[in-house]
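Encoded as structure tokens, the structure appears first; notes follow it.
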Amino acid sequence: MSVLRPLDKLPGLNTATILLVGTEDALLQQLAEAMLKEDCTSELKVHLAKSLPLPSNVNRPRIDLIVFVVNLHSKHSLRNVEESLHHVDATFFLGKVSFLATGAGQESHCSIHRNTVMKLAHTYRSPLLFCDLEIEDFRAAMAQRLVRMLQICAGHVPSVSALNLLSLLQSSENPSLEDL
Amino acid sequence: MDETVSEFFRRTILKIPLTEMMTILKTWNFLSENQLQTVNFRQRKESLVQDLVLLCEENRASLNDAALLDIIYTQFHRHQKVWDVFQMSKGPGEDTDLFDMEQFKSSFKKILKRALKNVTVSFRDAEENAVWIRIAWGTQYRKPNQYKPAYVVYYSQTPYAFTSSSQLKSNLPLLGQTFETHNSTTPLQERSLGLDINMDSRIIHENKTEKERVQRVTQEIFGDYPQPRLEFAQYKLETKFKSDLNGGILAEREEPLRCLVKFSSPHLLEALKSLAPAGIADAPLSPLLTCIPNKGMNYFKIRDK
């Protein structure tokens, strides 16, 4: 079983690579394009995958940040992410994994409850971001955030590490999550 | 202008509801802007219609113009008609010719006129390579009855034709023959299923092979051409409750459990076709969904074997 490990490769010079995992290719593609529009001192690479494990015979750079995209309208997308998570090594979850939930704006189309993804993110001790990727402005704002996170995770921002960022993003506002 | 043509105009225009009058006349594009401006659209309908007929006479409108107006009216009110669908099948060994709309129209008209001298045939092109054909039938001794026309809507890139008849069905076999003689075929064209060529080399698709597999499977099932336009599909399920546990409230229930699922969409089959490429469903789709065009059914009852 091929598992993604965060430090099994040497980093590329000034390169930061993000892996977006999700079933809805069109949304991932648009998010990728939005990210690449951002001004960034690092060289960005975006890998898109429907699910994990990734094909093994490919030469790919070290992955600095994985974002699992769940569409709240589709149970299929959640199930896909849940199965893909098994192919990620535990050490990745030290700040190099994030969850992104889209579709929360259209409440009537949601077949997955917010709490479900919140619980998933909590289980994996990773931040959860909400963004309606179909809306261009929200997508652009999210792309900006992801680029900043990616730079930190790739170690391109001096004196901030992925683990630092993770502890900053952990919210102590929701003690009820412990009860879930 | 002939009395009968004038009367036909009068009756056709009278059918049009006042709310649609301007839109339909503009679509018809036979009366000019200036002419339409001289008419008072707020008067009583009978007087309005009279004025419009006079304008048509001024423009020396012919029977064909009236027939065209009739087609447009029917296109606006297509839902009020009952349509039958016919699927044409190619005979063995027939060659694939290129389809030419003008040639189709002229040979269609020729064939009908050869069979029946008294017939009025009119055409109007519509969206998606479709053509609306209006046929007014006469007999050997009688002029065509313009008030009971038949309509055929033929989508040239598909083997389907829709017909609606306000008269006896006796003329349908003739229509069928007309299509056979014309030899309708589908041209071969390259059509991509919306696979965006990724221009930015910094974006790498990891599951390229999977994506290609999905595109291939979708193409195998749905083909390259636009799907027939369908708006509903309904599935009724009747099944008895099955349980591993002995006993239980539902286990002894004699009555089967019933479930109804209805799909509706402005273009259901295109929506189903785009499910797998969009990542919303796995490919291949359930045969219950993909068998709709093959079986020619969209109402299904699923029972226990």
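The values are calculated or read from the model by the stated rules, or taken from the named source; none is laboratory data. Just so we're clear, the structure is a prediction, and the values are computed from it rather than from any experiment. Neighbour counts run over all protein chains shown; Cβ positions are idealised from the backbone, glycine included. Side chains included, ligands, DNA and RNA excluded: accessible areas come from the protein's heavy atoms. Shrake-Rupley method; radii C 1.70, N 1.55, O 1.52, S 1.80 Å.
Of note:
- Mean Cα-pair separation over length for segment A:1-160, i.e. relative contact order, pairs under 8 Å, 6 or more apart, %: 28 percent
- Distance histogram in 5 Å bins (all Cα pairs of segment B:19-75, percent per bin): 4, 18, 31, 29, 16, 2
- Qualifying lysines (Cα of each under 30 Å from Cα of B:Lys262; at least 8 residues distant if same chain): A:Lys50, A:Lys75, B:Lys81, B:Lys211, B:Lys236, B:Lys240, B:Lys242, B:Lys273, B:Lys295, B:Lys301, B:Lys305
- Under 5 Å from the amide H of A:His73 lie the amide H atoms of A:Ser111, each residue being 5 or more positions distant or on a separate chain, with H modelled from the backbone and absent for Pro and chain starts.
- Inter-label distance, nm, simple model (7 Å from Cα along the C-beta direction), B:Lys240/B:Gln37: 7.8 nm
- Estimated distance in nm for a label pair at B:Met22 and B:Gln87, the labels positioned 7 Å out from Cα along Cα-to-Cβ: 4.5 nm
- Average Cα contact separation per residue, segment A:29-99, under 8 Å, 6 or more apart, as relative contact order %: 34 percent
- Two-decimal Rg to Rh for segment A:43-104 - Kirkwood Rh, Cα set: 0.96
- Inter-chain shielding of B:205-211 (mean C-beta neighbours from other protein chains, 10 Å cut-off): 6
- At q = 0.09, 0.12, 0.17 Å⁻¹ the log10 of I(q)/I(0) for segment A:1-157 amounts to -0.26, -0.47, -0.98, computed by Debye summation with a single uniform scatterer per C-alpha, solvent ignored.
- Helix-only mean residue ellipticity at 222 nm for the protein assembly as shown, each DSSP H run of n ≥ 4 adding -39500 (n - 2.57), per residue, nearest 500: -10500 deg cm²/dmol
- A:Thr116 contributes about 60 Å² of solvent-accessible surface, heavy atoms of the protein only, 1.4 Å probe.
- Beta bridges from DSSP with both residues in the protein assembly as shown: antiparallel share about 50 percent, rounded to the nearest 5.
- Aspartates and glutamates with Cα under 15 Å of B:Lys105, excluding same-chain neighbours fewer than 8 positions away: B:Asp125, B:Glu180
- Volume of the convex hull of segment B:1-151 (Cα atoms only), normalised per residue: 144 Å³.
- Segment B:221-300, relative contact order [Cα under 8 Å, separation at least 6], %: 38 percent
- Top of A:Ser159, A:Ser126, A:Ser84 by mean-square fluctuation, Gaussian network on chain A, Cα under 10 Å: A:Ser159
- For the protein assembly as shown, diffusion coefficient by Stokes-Einstein and Kirkwood Rh (Cα), 25 °C, 0.890 mPa s, µm²/s: 87 µm²/s
- Placing unit charges on each Cβ (+1 for Lys and Arg, -1 for Asp and Glu) gives the protein assembly as shown a dipole about its Cα centre, and among A:Asn59, B:Ala126, A:Asn14 the Cα reaching farthest toward its positive end belongs to B:Ala126.
- Its Cα gyration tensor gives segment B:1-52 an equivalent ellipsoid, and the semi-axes of that ellipsoid, as √(5λ) in whole Å with the largest first, are 17, 13, 11.
- Each label point was placed 7 Å from the Cα along the Cα-to-Cβ direction; for B:Asp200 and A:Leu10 their separation is 2.8 nm.
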